[in-house]
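Okay, structure first, notes after.
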Amino acid sequence: MGLLQQAIKTYDLMEKIGLVGKYEEGKEPLAPIGHILTKAKIQITLNKKCEFILAEKIDKKIIIPVTEESSGRTSSAVAHPLCDSIGYISGIDEKKYDLYINTLKEWSDSSYGDEKLKIILEYVKTKKIINNLEECGLIKRNNDGKVENEKDIICWKIIGLDDKFPELYKDVGLMNKYILYYTNKKYNDPSLLKETCFVSGNEEIKAIQHLKGVVSLNGNAKLISSNDSTNFTYRGRFLVPEEAVSIGYFSSQKVHNVIKWLVSNQKVTMGKRVLICWNPNGNEIPSTQSPLLKRDSEKRISPSNYKKEIQSLLYGYKKNMSDLDNVIITSFDAATTGRLSISYYNELKESDFLERLEYWDLTCCWCSREYGVYSPGLREILDCAYGYQRGNEDISKLETSPEVMSQNMQRLISCRLDKKKIPIDILRQLVNNANNLQVYNNMNRRIILFTTCSIIKKYKIDYEKEEIEMALDTEKKDRSYQYGRLLAVLEKIEKDTYDKWENRETNAIRMQSVFVKRPAYTTRIVLEQLKNSYYPKLKFGARVYYETVIGQIMGIISEFDDYEYNKPLTETYLLGYYLQQNNMYSKKEEEEEKVNE
């Protein structure tokens, strides 16, 4: 199946379980066939005698019935059958007013009419709406007396009838009556011919227009459109657009309303792109962008328990899963204001989807001092790679431009779901940022270091089939790793001499970028500064400890050939730096806890 077929399957299931047209707290409803979701600004309350009771300001998205022509109206005058704007209902524009009256009357007089429609029709014919709205302070006029808010949508509420849905936009029965009315009208129109729908494969009345506003970020962009006959969208290959594709009205309505519903309730914004991921059978599925396990300082997950925790979480998803369950992942982008494109599409068995999320989180993770083992989110990875920090305040976060985010997020999602190798350019950008920690505040340093180590671990597995240990390996025969350990020790020696209020940068971090290129040369300079200025401030026991650690590190480095001694470091020095730093600070925290006890 493709996206459109899966959307129809989703609509049919939601209709079967009664979610079509139903309002739920905190969610936008799924509009039925022949209806759209739009924002109403005013609600008018009438009684069963067609008398005006109240007009009040509201600001909520509601379901309203529409014709195929009115659903995509722009500058041309076409009326909605029930809820419409002040300009159509009030009578300030006679042409629009007549269109509204005729459209509502036609539905009301049909065999699918309703007493509520007659009440509204009788009230609208009195042309008292403008006066009633002005009395309630809901009309805005400019200096010339012209109504400024004539595009505000009016919805209706009728009291006094024996009905549990006084607000008409919540009345599912009225929605179904309109569907039957409009369906019957279409099938009895001799000018509309049935054709084979390319989506459903059934004989259907062909859709003339398709809904716009599927993605709210690109309000006027259409997923399916053929109205451009001047710029050769289809000319040269076909004489008329129907030769390119023919989609039935009902299939089109299901597809667009379901996609709009999914986008509204569970979209993930990736800069200027929007991604949705769902199971057509309604099963709950994990996020494509976020890690499976949330980081929690109160529940630090150890490396030995990390895999068990993930598998325990996934068991909850798998127990209600069948072999036929699929997961659909798609993203949308608007190349122009009128065209909406599908920039990514993937269809996976739910079991494969969960397995790929698990694989990513097991291979792209690291162990932090605060939270234990966890995997960074995809957005966090891109913020650390391409984000910029506004100012140097401790609360300044990393921010990535929408253009860069949208381009690279899709790449990472593809890596996670298609088991592709991590892009090397993202790794290089992360390493470059981690090589210049002094330009970031303390919070962002920790995030960048952690994320970079996670991606290095992922890179080593993807390209070199090497598993990286998340615990400090003091005997590791890796020159860069050992130099990273040395950098952490040199930094810690100087920091131990600072007062609690001091926030100066250490010499080791100031010279970090030089250290990466010429580690032996930089080590000699920093050590001389430490011995001259900072060693005398250390306690005797601390000096002995640090001398021992430095001696052990230098002993391993000396085992390498002389020509490698001062060569630039590889990215693995960051692993040694991070783990040595964690080790030293963890020991200090343990000692402080013992003293407090």
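Computed over protein heavy atoms with a 1.4 Å probe, the carbon and sulfur contribution to the accessible area of the range 381-469 reaches 46%. Element breakdown for the range 8-89 at a 1.4 angstrom probe: carbon and sulfur atoms account for 48% of the accessible area.
With N the number of residues in the range 366-411, Rg(Cα) / (2.2 N^0.38 Å) evaluates to 1.32. For the range 1-61, the percent of C-alpha pairs falling in each 10 Å distance bin, counted from 0 to the bin holding the largest distance, reads 18, 33, 30, 14, 5, 0.
Given Cα positions, please report Rg to Rh for the range 71-130, the hydrodynamic radius being the Kirkwood one.
Details: Rg = 11.2 Å, Rh = 11.7 Å.
Dividing the radius of gyration by the Kirkwood radius yields 0.96.
For the chain, what is the accessible area per residue in Å² when the probe is 1.4 Å? Display every interim value, and only then the final one.
On the way: 29230 Å² over 597 residues.
Counting only protein heavy atoms, the per-residue value for the chain is 49 Å².
Please report the carbon-and-sulfur percent of the accessible area for the range 94-231; probe 1.4 Å, protein heavy atoms only, DNA, RNA and ligands left out. Carbon and sulfur together cover 46 percent of it. According to the calculation over all Cα-Cα pairs in the range 1-147, the P(r) per 10 Å bin from zero is 10, 33, 36, 16, 5, 1 %. Both radii are taken from the alpha-carbon atoms of the range 523-585; with Rh as the Kirkwood radius, Rg/Rh is 0.99.
Compared with the dominant Cα axis of the chain, that is its longest principal axis, helix 350-363 is turned about 30°.
Protection proxy ranking for 520-528, 160-168, using the average of other Cβ atoms within 10 Å per residue and placing the highest first: 520-528, 160-168.
Quote the Stokes-Einstein diffusion coefficient, in whole µm² s⁻¹, for the range 251-387, based on the Kirkwood radius over alpha carbon pairs, a temperature of 10 °C and a viscosity of 1.306 mPa s.
Working: Rh = 16.8 Å.
It comes out at roughly 95 µm²/s.
When averaged across all projection directions, what area in nm² does the alpha-carbon convex hull of the range 318-463 cover? Don't skip to the answer; put the middle values down first.
Details: hull surface 44.8 nm².
Spelled out: convex hull of the Cα atoms, projected over all directions, averaged, 11.2 nm².
Using only the alpha-carbon atoms, how far is helix 442-464 inclined from the longest principal axis of the chain? Give it as 0 to 90 degrees, nearest 10. So the inclination is approximately 90 degrees. Structure note, pairs Lys397/Lys420; Lys22/Lys157; Lys118/Lys260: Cα-Cα distances above 24 angstrom occur for Lys397/Lys420; Lys118/Lys260. Past 27 Å, Cα to Cα: identify those pairs from Lys61/Lys164; Lys164/Lys222; Lys308/Lys460, in the order given. Among Lys61/Lys164; Lys164/Lys222; Lys308/Lys460, the Cα-Cα distance tops 27 Å for Lys164/Lys222. Size check on the range 466-597: the Cα extents along the three principal axes, sorted descending, read 46, 35, 25 Å.
Would you please put 553-562, 372-381 in order of how densely packed they are, using the mean number of other Cβ atoms within 10 angstrom per residue and starting with the highest? Working shown, then result.
Working: 553-562: 13.3, 372-381: 22.4.
Descending packing order for the listed peptides: 372-381, 553-562.
Taking the 0 to 90 degree range and rounding to the nearest ten, how far is the long axis of helix 94-109 tilted relative to the main principal axis of the chain, both from C-alpha atoms? Taking the Cα atoms of the chain, the angle to 94-109 is about 80 degrees.
Return the equivalent ellipsoid semi-axes of the range 120-167 as a descending list in whole Å, where each equals the square root of 5 times an eigenvalue of the C-alpha gyration tensor. Mind showing how you got there, number by number?
Values: eigenvalues 141, 27, 16 Å².
So the three semi-axes of the range 120-167 are 27, 12, 9 Å.
Across the chain, C-alpha contacts under 8 Å between residues 6 or more apart give a mean separation that, scaled by the residue count, equals a relative contact order of 10 percent.
The values are calculated or read from the model by the stated rules, or taken from the named source; none is laboratory data. The model shown is predicted, which means the values in this text are computed figures rather than measured ones. Using ideal geometry, Cβ is built from the backbone for each residue, glycine included, and neighbour counts are taken over all protein chains shown. Remember, those area values only see protein heavy atoms, side chains included, never the ligands or the DNA or RNA. Shrake-Rupley method; radii C 1.70, N 1.55, O 1.52, S 1.80 Å.
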